[in-house]
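Worksheet: one structure, shown below.
The values are calculated or read from the model by the stated rules, or taken from the named source; none is laboratory data. Computed from a prediction, not measured in an experiment: that's the story for all the values here. Counting neighbours? That spans all protein chains shown, and the Cβs are built from the backbone with ideal geometry, glycine included. For the accessible areas, the whole protein counts, side chains as well, though only heavy atoms, and no ligand, DNA or RNA atoms are used. Shrake-Rupley method; radii C 1.70, N 1.55, O 1.52, S 1.80 Å.
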Amino acid sequence: MTNPELPTIIDYKNDKNYIQILNNYIKNFIVNDGSCSLKKLIEIIHSIIPELKDFCELNQENFKITSIKDKGLIGKIVEFSLFGNLPNSDSSPDMIYGDIKTTHFKRIGKNESKTFNAKERLTLTNFGDPDKQTNIDTIADKDSFQETRYYAKVKSGIILIFEHESRSFDTIESYYEKKIMGIVFYNLDDIFENNNNIQEVFQTDFIKIKTCIIEKNVSQAGQQYLHIHPHGCKNGKTRAFGFTNKFLTKMVSIYLDLPIITKGRSEYIEF
C-alpha cells in the first residue's frame with residue numbers, strides 16, 4: 001500500500017511538494033548514516049511508491065544507457081528512477097514545474113570539512129551560433145532576460161546536487177553510489193521578487209551578454225550569475241545560457257536554508 005503522505009505516480013509528476021519529500025529522506029539519511037547515496041534514495045522511494053518501482057521494472061529494456069562516457073548519464077538515471085521519465089529528445093520541460101538538472105558541489109578543505117561550493121556551471125538552454133543574425137535578433141531588442149524567449153525555458157527547474165568525489169566512477173552501476181546532498185526546486189521570478197540585488201546582477205549580466213553579441217565579440221567576461229558559454233563540440237561556435245557556479249552556490253543556500261559563508265571573493269555553504 002502506498003504511503004498516504006506521498007503522492008501517487010499520477011500526482012507526483014505535477015506536484016512540486018515531491019521535491020520536499022525527497023529532501024526529507026536525503027536529510028534523514030545524512031543525519032543517521034553520514035551520507036545519502038542515490039541508490040539508497042531510489043530504494044526508499046520505490047518502496048513507498050510501488051507504481052514508480054513498477055514503471056522502472058517494466059521499462060528497464062527501454063532505458064538504454066550503453067556508455068559510461070555519456071555526459072548526461074547521472075541525469076538520465078535520476079530522471080528515470082526518481083521521476084519516471086525515459087530518455088527522449090522532446091524539448092518540452094521534463095516535468096510540469098521545470099527541467100531536471102544535476103550538478104556537483106566540491107568540498108572545501110580537508111576530508112572532514114562540511115563546507116562546499118558549486119564545482120561547475122550549469123547549462124540551461126541553447127542559444128546557438130551568436131554570429132547568425134537570426135539568433136542576434138532574438139535578443140537585440142530585449143531590455144531584460146525575462147523578455148527573451150529563453151526565459152520561459154529556464155525560469156524554474158529542479159537541480160539535484162551531488163558531492164564531487166575524487167574516486168573514479170568507471171561503471172554504470174557505480175553511478176548509483178554517488179552521494180546526493182539535496183534537491184532544489186527554484187523559480188527565478190520568486191528569487192527576483194525577494195532579492196533585488198540578485199535581480200540587479202542578472203540584469204547587469206544580461207546587458208553585458210546582449211552587448212557582446214550585438215558587437216559580435218561574444219565573451220563570458222564579467223558575468224557573475226548568468227553567462228553565455230561555449231556549448232557542444234570542441235571549437236564549435238554554439239553558445240548556451242547558464243548559471244555560474246557562484247550563483248548555483250547562492251541558490252542552493254537560499255532553497256536549502258543553509259547559511260552562506262563569504263571569504264574574500266569566494267562563497268561557501270555548510271551542509
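In the set PHE105, PHE80, which member is of a type in the set (A, V, I, L, M, F, W, C), more than 26 Å from VAL201 (Cα to Cα) and under 16 Å from the mean Cα position of the chain (by Cα)?
Working: PHE105 fails: more than 26 Å from VAL201 (Cα to Cα).
Step by step, each of PHE105, PHE80 is checked, and only PHE80 is of a type in the set (A, V, I, L, M, F, W, C), more than 26 Å from VAL201 (Cα to Cα) and under 16 Å from the mean Cα position of the chain (by Cα).
May I ask you to list the residues in the stretch 228-260 that are among the hydrophobic types (A, V, I, L, M, F, W, C), assigned to a strand (DSSP E or B) and either open to solvent by 70 Å² or more (accessible area, probe 1.4 Å) or out of contact with any Pro (no Cβ under 9 Å at 6 or more places or on another chain) (or both)?
Start the filter on the stretch 228-260 by keeping residues that are among the hydrophobic types (A, V, I, L, M, F, W, C), which leaves 228, 233, 240-241, 243, 247-248, 251-252, 254, 256, 258, 260.
Cutting the leftovers down to assigned to a strand (DSSP E or B) gives us 228, 240-241, 243, 260.
Selection gives PHE241, PHE243, ILE260.
Restricting to the stretch 97-109, name every residue that is modelled with pLDDT of 80 or more and either at negative phi or among the aromatic types (Phe, Trp, Tyr) (or both). Step through it out loud before you land on a result.
Keep residues of the stretch 97-109 that are modelled with pLDDT of 80 or more, which gives 98-109.
Matches in the stretch 97-109: ASP99, ILE100, LYS101, THR102, THR103, HIS104, PHE105, LYS106, ARG107, ILE108.
Yes or no, residue by residue, for (1) over 20 Å from LEU73 (Cβ atoms); (2) of a type in the set (Lys, Arg); (3) in contact (Cβ under 8 Å) with a residue 40 or more places away in the chain:
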residue: ILE172; (1), (2), (3): no, no, yes
residue: TYR175; (1), (2), (3): no, no, yes
residue: MET181; (1), (2), (3): no, no, yes
residue: GLU193; (1), (2), (3): yes, no, no
residue: THR204; (1), (2), (3): yes, no, no
residue: LYS208; (1), (2), (3): yes, yes, no
residue: ILE213; (1), (2), (3): yes, no, yes
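Are any residues in the stretch 104-127 of a type in the set (Ser, Thr, Tyr) and either part of a loop (DSSP other than H, G, I, E, B) or in contact with a helix residue (DSSP H, G or I) (Cβ under 6 Å, 6 or more places away or on another chain) (or both), and if so, which ones? Before you say what the answer is, go through the steps one by one.
Within the stretch 104-127, the subset of a type in the set (Ser, Thr, Tyr) is 113, 115, 123, 125.
Across the stretch 104-127, the qualifying residues are SER113, THR125.
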